[in-house]
Amino acid sequence: MGCKLMVDENFEEEESKFEIGQTVYYQGEEMTVINELERTLVLEYVHFVPVDDDDHERIVVRKEKVTLS
């Protein structure tokens, strides 16, 4: 018995509007794109000042939550 791979012929890979190292904004904070996944971005704060040990300079957010300016 063989296995058939089903392919969606109408599927087009969406071209990304983000680049590694690009400056973006999330909740008014200037961020740098560290990595891009299918639906999310890994961002790093540009001006990060930790207040306590639980603060982290990198976060993962959904792409639609980020603005370019």
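The listed residues are Gly2, Gly21, and the only one of them that is at pLDDT 95 or above and surrounded by fewer than 11 Cβ atoms within 10 Å (Cβ to Cβ) turns out to be Gly21. If you go through region 36-68 and keep only what is in a loop (DSSP other than H, G, I, E, B) and either within 14 Å of Thr23 (Cα to Cα) or of a type outside the set (Asp, Glu) (or both), you end up with Leu37, Arg39, Val46, His47, Phe48, Val49, Pro50, Val51, His56, Val66, Leu68.
The values are calculated or read from the model by the stated rules, or taken from the named source; none is laboratory data. In this text the structure is predicted, and so the values were computed from the model without any measurement. Neighbour counts are summed over all protein chains in view; Cβ atoms, including those assigned to glycine, are modelled from backbone coordinates with ideal geometry.
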